[in-house]
Amino acid sequence: MRVFADYHTHTRFSHGKGTVMDNVRAAARKGLEAVAITDHGPANLFGVGVESLATFGEIAEEIERSREAFPGVRVLMGVEANIVDTDGGLDVPAEVQKRLDIVLAGHHLIVRGRTLADWWKLSGRNFAARWSRHLAERARVDNTKSLVEAIRRNRVDVVTHPGLHVSIDTAELARECARVGTALEINAKHAHLDVAFLKVAARQGVSFCINSDAHGPDEVGEFGRALEVAMRAGIEPERIINVRA
Ligand SMILES: [Zn+2]
Ligand SMILES: [Zn+2]
């Protein structure tokens with residue numbers, strides 16, 4: 001089995017270390033057929049996200065140059081969007097999504113919510129949930145709802161690191177992903193997904209995507225034990241969108 005594409009990499013445009021060209025060069029060296037540039041959406045706080053939506057124009061220009069320099073690698077222009085309200089709104093609007101080759105979306109804790117109430121539900125309460133079972137239960141319901149609504153209302157190709165730092169109903173999310181054709185990510189950097197999670201998700205008929213979530217060129221195409229965990233969970237290679245036998 002071989003992972004032929006890395007659909008989740010960051011650059012200096014958000015809080016990665018390298019340039020677009022660095023990531024594409026690394027992908028070419030590792031023999032990847034495709035790589036996606038998926039910097040964080042603008043709602044991530046403290047310089048983690050892109051400065052504004054206009055940044056995607058600059059990223060597109062660099063991607064164009066990297067395509068010319070490395071014609072053997074398919075370079076996808078993408079984003080790792082943030083969920084900013086429990087109705088599934090993203091920090092990258094539909095008109096920007098349409099211009100991208102791939103849209104990833106994930107739940108991040110240090111983000112600007114649409115409103116203060118949204119911030120509480122998506123971020124604050126997830127921190128407070130550590131000390132209260134009641135809050136933990138309500139957080140789990142809203143975490144799941146916001147992800148489910150996000151894939152219903154937007155064009156999301158992959159949900160990144162599902163369940164990282166936040167509690168979710170795996171089966172419910174996977175069921176909806178299977179219905180709308182969104183893949184669940186097996187994230188190599190965070191390596192938080194275990195065999196049990198993957199088995200629960202797989203039972204719903206969902207597809208998966210193995211990504212590095214590289215924050216530096218040296219991490220591009222590094223999938224660690226993600227493939228091995230997937231195989232141990234009994235996921236068939238055909239169910240992983242970027243794996244080939
Ligand atoms: Zn992320
Ligand atoms: Zn990421």
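The values are calculated or read from the model by the stated rules, or taken from the named source; none is laboratory data. Everything quoted here is computed from the prediction, not taken from an experiment. We place every Cβ from the backbone using ideal geometry, glycine too, and count neighbours over all the protein chains shown.
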Return the residue satisfying two criteria in turn: it lies in region 192-222 and is polar (S, T, N, Q) and closer than 24 Å to residue 12 by Cβ, and of such residues it is farthest from the chain's Cα centre (by Cα).
212
Let me spell it out: the conditions are (1) more than 23 Å from residue 167 (Cα to Cα); (2) within 16 Å of ligand 2 (Cβ to nearest atom), and residue 101 meets all of them except one. Which number is the exception?
(2)
Looking only at region 26-60, which residues are at pLDDT below 95, in a loop (DSSP other than H, G, I, E, B) and away from ligand 2 (no atom under 14 Å from the Cβ)?
42, 45, 46, 47, 51, 52, 53, 54
List pairs: first in region 92-112 and among the acidic types (Asp, Glu), second surrounded by 13 or more Cβ atoms within 10 Å (Cβ to Cβ) and outside any loop (DSSP other than H, G, I, E, B), Cβ under 8 Å, 6+ apart or cross-chain?
101/36; 101/76; 101/77; 101/78
Among the listed residues 155, 114, 125, which satisfies the condition of being closer than 22 Å to residue 49 by Cα, under 17 Å from the mean Cα position of the chain (by Cα), more than 16 Å from ligand 1 (Cβ to nearest atom) and not polar (S, T, N, Q)?
155
Within region 40-79, restricting attention to residues that are out of contact with any Asp or Glu (no Cβ under 7 Å at 6 or more places or on another chain) and charged (D, E, K, R), which residue is surrounded by the fewest Cβ atoms within 10 Å (Cβ to Cβ)?
68
Does residue 134 satisfy the condition of being more than 28 Å from residue 60 (Cβ to Cβ), loosely packed, with under 15 Cβ neighbours inside 10 Å, within 16 Å of ligand 1 (Cβ to nearest atom) and free of Cβ contacts under 8 Å to residues at least 60 places away in the same chain?
no
